[in-house]
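Visitor: Sharing a structure here in structure tokens format.
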Amino acid sequence: MKTVYFKPIADFADTNSIVNATYDMLKKLKKDEGLKLPETMPLKVHFGEMGNDTYIKPANFAGVKKFLKENNVNTCYIETNVLYMGSRTHTEDHLKTAAAHGFIDLPVVIADADANNPYNEIEINKKYFKTCKIGKCYADYSGFMVLAHFKGHMFAGYGGAIKQLGMGFASRSGKLNQHSQNVPLILKNKCIACGTCVKKCPVNAISLQGKAVIDPKKCIGCAYCSEVCPVAAIENDWGGSNFLEKLAEYAYAAALNKNNIYINFAGDITKECDCMGIHMKPVAKNIGVLVGTDPVAVDTATLDLLDKQENKKMFARGRTTLAYAESIGLGSSKYKLITI
């Protein structure tokens, strides 16, 4: 049974309470579990899509940074580029978005920034994936502070520690693998037959036949064509099956052989993800901050607290991911909650 530390926080505008809570819980976690911290421990964050205003602001991570500094641990922000077209699709724009949202006090690493070598294949040999495509730079570190804004998500049910692992560590092609059957869709009414995708495809899977055509037998699902298309005529197939289980397998790959600490910031709980570049109103009261070393336990505890507080089942779709994640050995749904 894993321990999850919890600090109730009613007002997420109270940055001091959030900072002090995370610092105190991290100190207790280290003492209770005898954690040995690495020389460098990046902060896995979500910078928020441009236009979103409910992402967790960098000021709220001051307690984490203080804890790491006191333990002589170096840190940085780390992320991967997104699959859809937005302000975080391309590395240059992603870095501008991070800066615009205040993430300027630490170096920023985009783990799959190198288009020629964006990921490592992590072998897991599970039901859906034999290997998973994890952003290249994640291999440079032995452990991460996985900092998640707990909220809803249209596909996953909720976003928390597991989604920060499964989607947040995956390269663009890894994200595509989870969402679909790997092959992007050509929108014939938008394609201008410019040939950019043909030239950029690393495996020559695209040809011009009046319009661009993708050979599904050659396509490796790297999603690079959707990134370089100048008129956004190439989209990702979001209708893939078994997404909830695939997400769990990617989370398993991301956490494999890593000594991670997971922190869920359960406030400003919106219906959709911070990937939505719009203002969203909360759909539940603020809960607080939860900390632990087991992503399944931390997410389960957060969902349980939410359901109890709201007196109804919230984001229930995500329970499927939790059950499957536990079945493949990512973590345990059994936890001991210690309120600080």
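Derivation of every value follows stated rules applied to the coordinates shown; laboratory data play no part. The shown structure was predicted, so the numbers you read here are calculated from the model rather than taken from an experiment. Cβ sites come from the backbone with ideal geometry, for glycine too, and all protein chains shown count toward neighbours.
Visitor: Would you look at the GNM of the chain, springs on alpha carbons closer than 10 Å, and say which of K308, K65, K133 moves the most?
Guide: Most flexible of the set in this elastic network: K308.
Visitor: Select from V183, V73, V203 the residue whose mean-square fluctuation is largest in a Gaussian network model of the chain (Cα-Cα springs shorter than 10 Å).
Guide: Its mean-square fluctuation being the largest, the pick is V203.
Visitor: Hey, rough spin-label estimate for I328 and K200, points 7 angstrom out along Cα→Cβ, what's it come to in nanometres?
Guide: Distance between the two pseudo-spin positions: 2.9 nm.
Visitor: K2: which lysines have alpha carbons under 21 Å from its alpha carbon, excluding same-chain residues fewer than 8 sequence positions away?
Guide: The reachable lysines, counting only those whose Cα sits under 21 Å from K2, are K27, K28, K30, K31, K36, K163, K258, K308, K334, K336.
Visitor: Could you calculate the FRET efficiency of Q309 with I338 from 1/(1 + (r/R0)^6), where r is the beta carbon distance between them and R0 is 25 Å, rounded to 0.05? Walk me through the intermediate numbers first.
Guide: Working: r = 18 Å, r/R0 = 0.72.
With a Förster radius of 25 Å, E is 0.90.
Visitor: Using the basic label-point model (7 angstrom from Cα toward the beta carbon), what is the K258 to E121 distance in nanometres?
Guide: It is 2.0 nm.
Visitor: Sort M154, M280 so the one with the fewest other Cβ atoms within 10 Å of its own Cβ comes first.
Guide: On the way: M154 13, M280 18.
If I rank by nearby Cβ atoms, fewest first, I get M154, M280.
Visitor: Non-local amide H neighbours of Y158 (under 5 Å, H modeled in plane, Pro and chain starts lacking H): which ones?
Guide: H153, G318
Visitor: Would you mind working out the magnitude of the charge dipole of the range 281-321 relative to its Cα centre, with +1 at each Lys and Arg C-beta and -1 at each Asp and Glu C-beta, to the nearest 20 Debye? Don't jump to the answer; show the numbers that get you there.
Guide: Values: 7 positive and 5 negative charges, 57 e Å.
That gives the range 281-321 a dipole magnitude of about 280 debye.
Visitor: Isolated Cys in the chain by the 4.7 Å beta carbon test?
Guide: Result for the chain is C76, C132, C137, C191, C194, C201, C219, C222, C229, no neighbouring Cys Cβ within the cutoff.
Visitor: Under a point-charge model restricted to the Cβ atoms of Lys and Arg (+1) and Asp and Glu (-1), what is the dipole moment magnitude of the range 181-235 relative to its Cα centre, in debye to the nearest 20? The partial results should precede the final answer.
Guide: Numbers: 7 positive and 3 negative charges, 29 e Å.
That gives a dipole near 140 debye.
Visitor: Please report the relative contact order for the chain, taking Cα pairs under 8 Å with a sequence separation of at least 6, and give it as a percent rounded to a whole number. Please report the intermediate quantities before stating the final value.
Guide: Numbers: 748 pairs, mean separation 85.0, N = 340.
This gives 25 percent for the chain.
Visitor: Of the candidates I110, I124, I261, which one comes out as most mobile in a Gaussian network treatment of the chain with C-alpha springs shorter than 10 Å?
Guide: I124
Visitor: Using a simple spin-label model with points 7 Å from Cα along the Cα→Cβ vector, what separation in nm is obtained for L35 and K130?
Guide: Using points 7 Å along Cα→Cβ, the separation is 3.6 nm.
Visitor: Please give the FRET efficiency for N71 paired with L208, using the beta carbon to beta carbon distance and R0 = 51 Å, rounded to the nearest 0.05. Don't jump to the answer; show the numbers that get you there.
Guide: On the way: r = 56 Å, r/R0 = 1.10.
Approximately 0.35, to the nearest 0.05.
Visitor: Any of K200/K246; K57/K285; K130/K313; K66/K175 with alpha carbons more than 25 Å apart? Name them for me.
Guide: Values: K200/K246 28 Å; K57/K285 18 Å; K130/K313 34 Å; K66/K175 32 Å.
Flagged as over cut-off: K200/K246; K130/K313; K66/K175.
Visitor: In terms of the Cα gyration tensor, with a ≥ b ≥ c the square roots of its eigenvalues, is the range 181-235 rounded because a/c is under 1.5, prolate because a/b exceeds b/c, or oblate?
Guide: Details: a/c = 1.44, a/b = 1.36, b/c = 1.06.
Note, shape of the range 181-235 comes out rounded.
Visitor: If you find the alpha carbon centre of the range 58-120 and of the range 140-189, how far apart are they in angstrom?
Guide: When both Cα centres are located, 15 Å separates them.
Visitor: While we're on this one: Per DSSP H run of n ≥ 4, the term is -39500 (n - 2.57); total these for the chain, divide by its residue number, and report the mean residue ellipticity at 222 nm rounded to 500 deg cm²/dmol.
Guide: Computed mean residue ellipticity for the chain: -8500 deg cm²/dmol.
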